[in-house]
């Protein structure tokens with residue numbers, strides 16, 4: 001299939017196709033981003049408009065409620081003052097407040113005592129008083145809108161506020177009935193979009209007033225408020241509707257504004273999409289024409305250059321390059337490729353000659369690092385012992401130092417038997433124990449079946465040196481170093497553990513990054529590098545340490561019987 005595709009499509013066709021697909025992809029992504037941004041902006045604008053309309057209604061209703069509280073305070077003070085001419089006061093009051101339908105007083109049983117209303121007289125018999133129910137009366141509570149039922153032939157739509165007063169030594173309830181027509185007319189005139197509206201509900205979700213209230217009572221329209229009860233003030237989107245909610249201060253009412261996404265957003269988005277599709281078509285046409293011209297100018301020389309690259313990839317050593325012509329940029333690319341071919345061929349020859357020597361040099365450089373301070377301090381300690389007449393101890397140190405260097409040299413071998421590596425480590429520990437005046441003890445726990453396998457020489461000494469310098473040297477009590485050799489599956493595991501001061505994770509990272517210096521000799525990082533160079537990335541050193549608890553260094557290496565030549569590593 002790949003061969004048929006290469007034979008069936010020319011470079012020009014591929015360039016046109018790729019360029020066209022790229023342009024189409026970019027244009028579609030840009031259109032989607034623009035439409036999404038535009039739609040989001042439109043939604044935010046619609047939400048803002050709904051919120052502003054609801055805020056205006058809420059402020060108006062809040063002013064209405066505050067006015068009811070103010071009027072009720074005035075009535076309470078007037079009715080509790082026995083010196084006031086009540087009939088004269090209410091005659092003047094009702095003449096300047098036409099929105100007040102009636103002020104009535106009731107005894108605690110609900111019997112009507114007094115009623116002040118302009119040109120209207122209450123009925124002597126009231127079947128059901130909708131403005132006062134002694135069983136549910138609450139002070140300063142604003143009732144739901146209802147019909148005033150105490151007048152003969154006049155049934156205004158009112159809301160009622162109640163308050164208890166003390167009149168002539170007895171408790172009396174005063175009811176203030178205010179016309180709800182002004183508020184309902186205002187809410188009816190509030191529109192959000194073509195079909196949006198506002199309505200009032202209480203905290204429990206019961207509808208206080210709705211512009212389409214008659215349709216709701218007739219079950220011709222449903223207004224589900226259950227999902228709005230637990231919603232905080234703000235804007236809520238649900239399905240195709242946007243609900244803006246605002247609580248009315250000093251009451252249990254909430255104003256809800258309803259608007260519809262389709263009529264506010266969809267038409268605008270569709271119009272914008274049409275414009276974008278037209279622009280996209282023009283962009284695609286221009287891009288297609290440009291891609292055709294560009295492909296013709298580039299395809300022929302690029303085909304020649306591509307063929308030369310494939311030949312070079314197949315046989316870089318014997319490849320002979322002939323430059324291709326074309327546009328200036330193509331010629332420059334061809335010249336650069338020709339220069340690169342020559343340099344790569346030269347480098348390939350150089351790498352072949354030097355690869356083995358370079359690897360051998362790296363390994364020897366790592367293993368040949370000897371700490372001059374350690375040698376100087378050891379010889380100085382031997383001289384001091386001789387001066388003190390401690391010749392036996394001096395002889396032990398000289399013998400240990402001789403074994404140390406004899407094993408370090410190992411006739412040029414990188415790998416030595418584990419037995420020799422443990423002798424090297426013990427010689428180093430003997431020297432350091434003399435130098436540190438028995439400040440620490442050491443123990444070996446060795447699986448003797450592993451002693452004839454090979455390991456990198458000078459592997460344990462840098463780890464023990466680190467344990468002495470950074471762990472044991474900081475202790476007040478006697479330190480202890482334990483060297484363990486055991487099998488771990490098909491691998492061999494060295495473990496060097498001490499009871500020293502331990503290290504923080506940052507110190508461990510610093511040790512694993514630290515290069516060689518005269519002070520530290522062969523660093524733990526160098527040991528880790530040697531293991532990975534010689535055996536692979538899965539082998540090397542792992543350090544576990546806790547402050548004030550000690551350090552445990554694990555060295556993992558494979559089981560090796562004989563040393564492989566450098567050419568095979």
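Numbers for the structure displayed
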{"quantity": "Relative contact order (%) - region 368-568, alpha-carbon pairs under 8 angstrom, separation at least six", "calculated": "20 percent"}
{"quantity": "Estimated D of region 84-182 in µm² per second, where Rh is the Kirkwood radius over Cα pairs and Stokes-Einstein applies at 20 °C, 1.002 mPa s", "calculated": "156 µm²/s"}
{"quantity": "Volume of the Cα convex hull of region 368-568, divided per residue and given in Å³", "calculated": "124 Å³"}
{"quantity": "Mean shadow area of region 460-551, taken as a quarter of the surface of its Cα convex hull (nm²)", "calculated": "6.3 nm²"}
{"quantity": "For region 55-97, the spread of Cα positions along each principal axis, largest first, Å", "calculated": "43, 20, 6"}
{"quantity": "For region 136-230, alpha-carbon Rg relative to the globular expectation (2.2 N^0.38 Å, N residues)", "calculated": "1.34"}
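Values quoted throughout were computed directly from the atomic coordinates according to the rules given, and no laboratory measurement underlies them. This structure is a prediction, so every number in the text was calculated from the model and none was measured.
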